[in-house]
Structure formats: structure tokens, C-alpha cells
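Engineer: Got a structure for you, written out below as C-alpha cells; questions coming shortly.
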Amino acid sequence: MFNFAQISDCHISEPHGMADRMYQTARHLRRAVAHLNGLAQPPDFVLCTGDLVDSGGSGEYAILADLLGQLAAPFYLLPGNHDDRDAMRLAFPEHGYLAGPEGFMQYTIEDWPLRLIALDTLVPGQSGGQLCEIRLKWLDEKLSEQPDRPTVLFMHHPPFRAGLVKMDKVGLEDRTGLADLVRRHGQVEAILAGHLHRFITRRFAGTVAMTAPGTAHQIALEPGPEERLSLTMEPPGCLLHLWLGGEDGLVSHVSYTGGCYPVHTVFADG
Ligand SMILES: [Fe+2]
């Protein structure tokens with residue numbers, strides 16, 4: 001057995017930046033890192049499923065690199081719609097896998113009985129995500145290489161609508177391409193995503209898909225006035241994925257990482 005953690009939507013901003021002022025995102029990530037390091041069974045590695053920083057600035061990535069550098073376990077990065085690929089590569093030069101095929105941050109992790117495949121859904125300048133023909137073709141090739149090996153896909157934008165009105169408008173475009181591909185490759189155990197700042201799970205193309213909570217602010221199920229996005233300080237958290245293998249496969253748990261706030265709700269524009 002081995003286990004790995006998934007943290008998502010850290011939204012690190014510079015001190016006194018909006019995300020820092022409103023949600024103390026760096027302080028919350030520091031707590032999440034301490035939480036993971038202190039687990040009785042610490043993760044063997046950590047996936048970071050995008051929106052690593054709030055506005056893609058190099059100063060933000062420097063803070064992120066310092067915080068993630070305190071993780072005892074190795075970690076893997078993915079971009080979300082708030083990220084900037086060039087700034088990520090500059091901030092994490094030792095993460096050579098970020099070079100990716102044709103400029104996309106797609107890669108595989110081959111060191112464990114469970115294979116992991118990272119998908120890059122970022123479209124610069126857009127809140128919604130996309131898996132274009134190039135990215136899907138690459139995934140098809142990777143899945144074809146090892147059809148009998150249990151595999152997890154991880155990405156920022158989830159491939160499903162979640163009933164969060166505002167977020168569903170900035171989801172993954174054209175989900176049918178991915179769905180067709182997953183149906184053809186039966187080894188996909190699960191699809192792990194972020195973006196929704198909330199644990200949500202559903203069936204997708206014959207596999208299980210889920211999103212992780214944010215390490216700081218969460219998105220409330222109930223919309224704000226006029227269907228505006230409703231952000232809440234419900235408990236920050238992460239996911240812990242246990243690979244039990246055999247008939248037990250992959251088991252995913254929510255793990256709360258501690259918060260600095262009482263629960264309250266604020267409303268923000270998209
Ligand atoms: Fe986010």
C-alpha cells in the first residue's frame with residue numbers, strides 16, 4: 001500500500017494581495033503542509049492540482065516554492081486557470097517535467113503500482129479549461145502504452161458540471177472528447193481535479209471523478225445574490241488517496257487541514 005495527498009487551489013498571493021487579505025492563503029497553505037508532514041502515515045508524494053497562486057506573478061511563485069519546499073514528501077505541480085506556465089517553470093527549475101509536450105504541462109508518474117497522468121487544462125486568459133486535440137492525443141497515446149496498469153488522471157478543471165451555477169460556466173469545455181477516451185481505456189481508476197474549492201464526486205464515463213477542497217477558501221453550494229459566486233471559510237482541506245490495490249483499488253478521504261477563521265461567507269464576482 002502507498003498513499004498520496006492532493007492539495008488544490010492554494011491561491012497564494014503576495015502579502016496584502018487580495019487573496020492574502022481575504023483568505024490568508026499563505027498562512028493556510030503553511031498549515032496544510034504541517035498537517036501533511038505530521039500525519040501518522042505521511043503521504044509518499046503530493047499532487048498540487050492547480051490555481052497554485054492567485055494571479056500568476058513571480059513573487060507569488062517564490063512564496064509558493066518556499067512553502068511547498070517545506071513538504072517532507074516530493075510534490076508534483078499542475079497549472080490552473082490562475083497560473084502562468086512560464087512563471088511556474090522559472091520558479092521550479094528542478095521540476096523538469098513541467099517542460100511537457102508541445103508546451104503543455106502533461107506528464108506521467110511511473111514510480112508506483114498505480115500510474116498517474118497529469119493533464120494540463122489551462123487556456124491562458126480564460127477561466128474555463130480545455131483539453132484540445134493535441135492534449136487528448138497525447139493522453140490517448142499514454143493510456144495505450146500500458147492498458148493493463150491501473151491509472152489515475154489528475155487535472156485542474158473537473159470534467160463535469162457540479163450544480164455550482166457560476167463555476168459551471170467556467171468549467172472544462174467539450175468534455176465529450178475526454179469521456180470517449182476514458183470509456184475506451186478501462187484502466188482509469190479515477191479522475192482527480194480541483195477548481196471547485198469543494199469536495200464533490202460523481203460518476204464520469206465509467207470511472208469516478210472528484211474534486212478536492214481548497215487549502216484556504218471554499219466555494220459554497222448555495223449561490224450568492226443574482227447567482228454570484230459564494231465563497232466561504234468552511235474548513236480548508238485536502239484529499240488523501242490510499243492505493244490498497246487488488247479488489248480494493250483506490251480509496252479517497254477528505255482530510256481537514258485546519259483553518260484560521262470562523263465560518264463566514266463572502267460574495268465575489270466570478
Ligand atoms: Fe481556484
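The values are calculated or read from the model by the stated rules, or taken from the named source; none is laboratory data. Please read all numbers here as calculations on a predicted model, not as lab measurements. Using ideal geometry, Cβ is built from the backbone for each residue, glycine included, and neighbour counts are taken over all protein chains shown.
Engineer: Among the residues that make up segment 19-29, is at least one of them farther than 19 Å from Leu114 by Cα, among the hydroxyl-bearing types (Ser, Thr, Tyr) and surrounded by fewer than 22 Cβ atoms within 10 Å (Cβ to Cβ)? Reasoning before the result, please.
Structural biologist: Looking only at segment 19-29, we keep the residues that are farther than 19 Å from Leu114 by Cα, and these are 19-29.
Restricting the remaining residues to those that are among the hydroxyl-bearing types (Ser, Thr, Tyr) gives 23, 25.
Applying the additional criterion that residues be surrounded by fewer than 22 Cβ atoms within 10 Å (Cβ to Cβ) yields none.
Among the residues of segment 19-29, not one is farther than 19 Å from Leu114 by Cα, among the hydroxyl-bearing types (Ser, Thr, Tyr) and surrounded by fewer than 22 Cβ atoms within 10 Å (Cβ to Cβ), which makes the answer no.
Engineer: Is it true that some residue in segment 46-64 is among the aromatic types (Phe, Trp, Tyr), touching a residue at least 12 places away in the same chain (Cβ under 8 Å) and in contact with a strand residue (DSSP E or B) (Cβ under 7 Å, 6 or more places away or on another chain)?
Structural biologist: Checking segment 46-64: at least one residue is among the aromatic types (Phe, Trp, Tyr), touching a residue at least 12 places away in the same chain (Cβ under 8 Å) and in contact with a strand residue (DSSP E or B) (Cβ under 7 Å, 6 or more places away or on another chain).
Engineer: Still on this structure: Take the residues in segment 66-78 that are in contact with a Phe, Trp or Tyr (Cβ under 8 Å, 6 or more places away or on another chain) and surrounded by fewer than 17 Cβ atoms within 10 Å (Cβ to Cβ); name whichever of them is farthest from Asp140 (Cα to Cα). Reasoning before the result, please.
Structural biologist: Taking segment 66-78 as the starting set, the residues that turn out to be in contact with a Phe, Trp or Tyr (Cβ under 8 Å, 6 or more places away or on another chain) are 68, 73-78.
Subsequent filtering for residues that are surrounded by fewer than 17 Cβ atoms within 10 Å (Cβ to Cβ) retains 73-74.
Numbers: Ala73: 29, Pro74: 27 Å.
Ranking the candidates gives Ala73 first.
Engineer: A further question follows. Here is a check on your reading of the model: is Glu110 closer than 30 Å to Asn3 by Cβ and surrounded by fewer than 19 Cβ atoms within 10 Å (Cβ to Cβ)?
Structural biologist: Yes, satisfied.
Engineer: Does any residue in segment 10-24 that is of a type outside the set (Val, Ile, Thr) come within less than 8 Å, Cβ to Cβ, of a residue that is assigned to a loop (DSSP other than H, G, I, E, B) and at pLDDT below 90 six or more places away or on a different chain, and which pairs are these?
Structural biologist: Going by the 8 Å Cβ cut-off, the qualifying pairs are Tyr23/Met233; Gln24/Cys260; Gln24/Tyr261.
Engineer: Can you name every residue in segment 200-216 that is within 14 Å of the ligand (Cβ to nearest atom) and within 19 Å of Leu78 (Cα to Cα)?
Structural biologist: Those that are within 14 Å of the ligand (Cβ to nearest atom) and within 19 Å of Leu78 (Cα to Cα): Thr211, Ala212, Pro213, Gly214, Thr215, Ala216.
Engineer: Do any strands (runs of 3 or more DSSP E) lying entirely in segment 159-270 carry at least 1 residues that are within 17 Å of the chain's Cα centre (by Cα) and at pLDDT 95 or above, and which ones are they? Spell out how you get there, then give the answer.
Structural biologist: Numbers: elements: 188-193, 200-204, 207-211, 229-232, 237-245, 249-256, 265-268.
Counting at least 1 such residues, we get 188-193, 200-204, 207-211, 237-245, 249-256.
Engineer: Would you tally the residues in segment 2-24 being modelled with pLDDT under 95, within 15 Å of the ligand (Cβ to nearest atom) and either β-branched (Val, Ile, Thr) or not in a helix (DSSP H, G or I) (or both)?
Structural biologist: The number of residues fulfilling the criteria is 1.
Engineer: Another one. Quick check on segment 51-63: of everything there that is closer than 17 Å to Arg30 by Cα and within 16 Å of the ligand (Cβ to nearest atom), which residue is surrounded by the most Cβ atoms within 10 Å (Cβ to Cβ)?
Structural biologist: Within segment 51-63, the match that is surrounded by the most Cβ atoms within 10 Å (Cβ to Cβ) is Leu52.
Engineer: Might you check whether a residue that is surrounded by 14 or more Cβ atoms within 10 Å (Cβ to Cβ) and of a type in the set (S, T, N, Q) occurs anywhere in segment 140-156?
Structural biologist: Taking every residue of segment 140-156 in turn, at least one turns out to be surrounded by 14 or more Cβ atoms within 10 Å (Cβ to Cβ) and of a type in the set (S, T, N, Q).
Engineer: Now, a different point. So, in segment 217-232, exactly how many residues are surrounded by fewer than 21 Cβ atoms within 10 Å (Cβ to Cβ) and either in contact (Cβ under 8 Å) with a residue 40 or more places away in the chain or within 15 Å of the ligand (Cβ to nearest atom) (or both)? If you could, list the steps in order and put the result at the bottom.
Structural biologist: Looking only at segment 217-232, we keep the residues that are surrounded by fewer than 21 Cβ atoms within 10 Å (Cβ to Cβ), and these are 220-230, 232.
Among the residues that remain, those that are also either in contact (Cβ under 8 Å) with a residue 40 or more places away in the chain or within 15 Å of the ligand (Cβ to nearest atom) (or both) are: 220-221, 223-225, 227-230, 232.
Selection size over segment 217-232: 10.
Engineer: Okay, moving on. Among (1) touching a Phe, Trp or Tyr at 6+ places or on another chain (Cβ under 8 Å); (2) among the charged types (D, E, K, R); (3) touching a residue at least 40 places away in the same chain (Cβ under 8 Å); (4) more than 16 Å from the ligand (Cβ to nearest atom), which single condition is Asp140 missing?
Structural biologist: (1)
Engineer: Only residues that are surrounded by fewer than 21 Cβ atoms within 10 Å (Cβ to Cβ), within 16 Å of the ligand (Cβ to nearest atom) and of a type in the set (Asp, Glu): list them for segment 79-107, please.
Structural biologist: Asp84, the sole residue that qualifies.
Engineer: Exactly one of these conditions fails for Leu36: (1) within 16 Å of the ligand (Cβ to nearest atom); (2) crowded, with 19+ Cβ neighbours inside 10 Å. Give me its number.
Structural biologist: All conditions pass for Leu36, except number (1).
Engineer: Among the listed residues Asp83, Asp120, which satisfies the condition of being part of a loop (DSSP other than H, G, I, E, B), within 11 Å of Ile12 (Cα to Cα) and acidic (Asp, Glu)? Don't jump to the end; show me each part of the working.
Structural biologist: Working: Asp120 fails: within 11 Å of Ile12 (Cα to Cα).
Being part of a loop (DSSP other than H, G, I, E, B), within 11 Å of Ile12 (Cα to Cα) and acidic (Asp, Glu) holds for just one of Asp83, Asp120, which is Asp83.
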